[in-house]
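Coordinate-derived values only; no laboratory data. None of the values given here were measured: they were computed from a predicted structure. Heads up, the Cβs are rebuilt from the backbone with ideal geometry, glycines too, and the neighbour counts pull from every protein chain shown.
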Amino acid sequence: MQRPKTGFKQKSDDDLIKTNIAMVEKYVDCLYEEKYEEKVKGARSLLFLMVNPEDMFHIISEKNCLLDIIARTLRDEHKKNMELVIHILAFFYTVSYYQEFHEVCISNSIGETCIFIIEYQYAKYIIRKNEIIKKENESSNNKLTFQKELDKFLFLVRKQDRILRIAFSILMHLAEDQNVEKKMVKRDIIPIIIKNLDRTNINLLVVLLLFIKKLSIYDVNKDSLIKNNVLDEFIKYVI
């Protein structure tokens with residue numbers, strides 16, 4: 001069975017020893033901890049379990065209540081800790097890779113949550129980008145301070161690129177069902193995709209372009225893509 005690529009490195013021997021399907025409920029309990037370090041540790045352990053197909057099918061098929069908790073954590077915590085979001089999204093990316101498990105994602109509102117996450121990160125990006133532009137214009141006498149702010153912004157962008165790449169990939173997987181795709185279009189997925197074409201991360205842009213290619217199969221989506229000036233965005237990459 002071909003394994004989906006989440007962008008995480010293969011587990012080390014220590015990780016293989018530490019993660020055990022028998023401890024899956026303990027890993028989920030970590031999501032209730034107050035410290036985000038513990039939440040991330042639990043989410044990372046859950047993600048590592050998905051490397052083993054038997055463990056993955058066990059979690060998805062027999063642990064629905066645990067999936068509810070993981071999905072709820074993503075909904076409730078997505079504005080608070082980016083590392084936690086990355087790991088939980090990667091968990092559901094693995095689930096969404098298999099069409100037979102799409103209903104699990106849909107029943108836990110993973111698609112809608114992904115859209116919320118994308119919209120939040122975009123709004124955050126625009127605010128911080130405008131702040132950086134303003135500080136650059138005001139930094140003629142203090143280049144060092146501006147560089148520190150710029151480094152923080154670029155660090156944020158790198159984290160966002162990972163989040164967006166995984167979230168858009170999940171949505172593209174779920175859109176294999178035409179009815180789900182139609183719901184996404186009604187939820188303005190096309191303008192959401194196009195707004196994010198100004199990013200510079202190649203891996204993210206590849207996902208966005210593949211998503212556009214998929215959507216463009218239907219004439220109604222082609223019209224919406226043109227209406228939202230997708231051709232203007234494409235021109236940037238060929239000039």
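Assorted remarks:
- Exceedance of the 18 Å cut-off in Cα-Cα distance is limited, within the set Lys124/Lys152; Lys148/Lys195; Lys35/Lys79; Lys159/Lys182; Lys186/Lys214, to Lys148/Lys195; Lys159/Lys182.
- Residue among His58, Val24, Thr200 farthest towards the positive dipole end of the chain, charges placed on Cβ: Thr200
- Within-10-Å neighbourhood charge of Ile69 [Cβ basis; K, R +1; D, E -1]: -1
- Ignoring aspartates and glutamates fewer than eight residues from Lys39 along the same chain, the ones with Cα atoms less than 16 angstrom from its Cα are Glu25, Asp29, Asp68, Asp76, Glu77, Glu83.
- In a DSSP loop and with at most 14 other Cβ atoms within 10 Å, the GluC sites (Glu not before Pro) in region 32-68 are Glu33, Glu34.
- For the chain, a Kirkwood radius taken over Cα pairs fed into Stokes-Einstein (37 °C, viscosity 0.692 mPa s) yields D = 171 µm²/s.
- Span-like helix ranges in the chain, DSSP H, alpha carbon extent 27 angstrom or more, Kyte mean at least -1.0: 110-137, 143-174
- Electrostatic tally near Arg128: other residues with Cβ closer than 11 Å to its Cβ, Lys and Arg +1, Asp and Glu -1, net +3.
- From its DSSP helices (H runs of at least four residues, each -39,500 (n - 2.57)), the chain gives a residue-normalised ellipticity at 222 nm of -23500 deg cm²/dmol.
- Residues Ile132, Ile127, sorted so that the one with the fewest Cβ neighbours within 10 Å comes first: Ile127, Ile132
- Computed FRET value (nearest 0.05) for Asp68 with Asp151, which takes r as the C-beta separation and R₀ as 35 Å: 0.35
- In angstrom, the C-alpha Rg and Dmax of region 109-239 are 16.7, 56.
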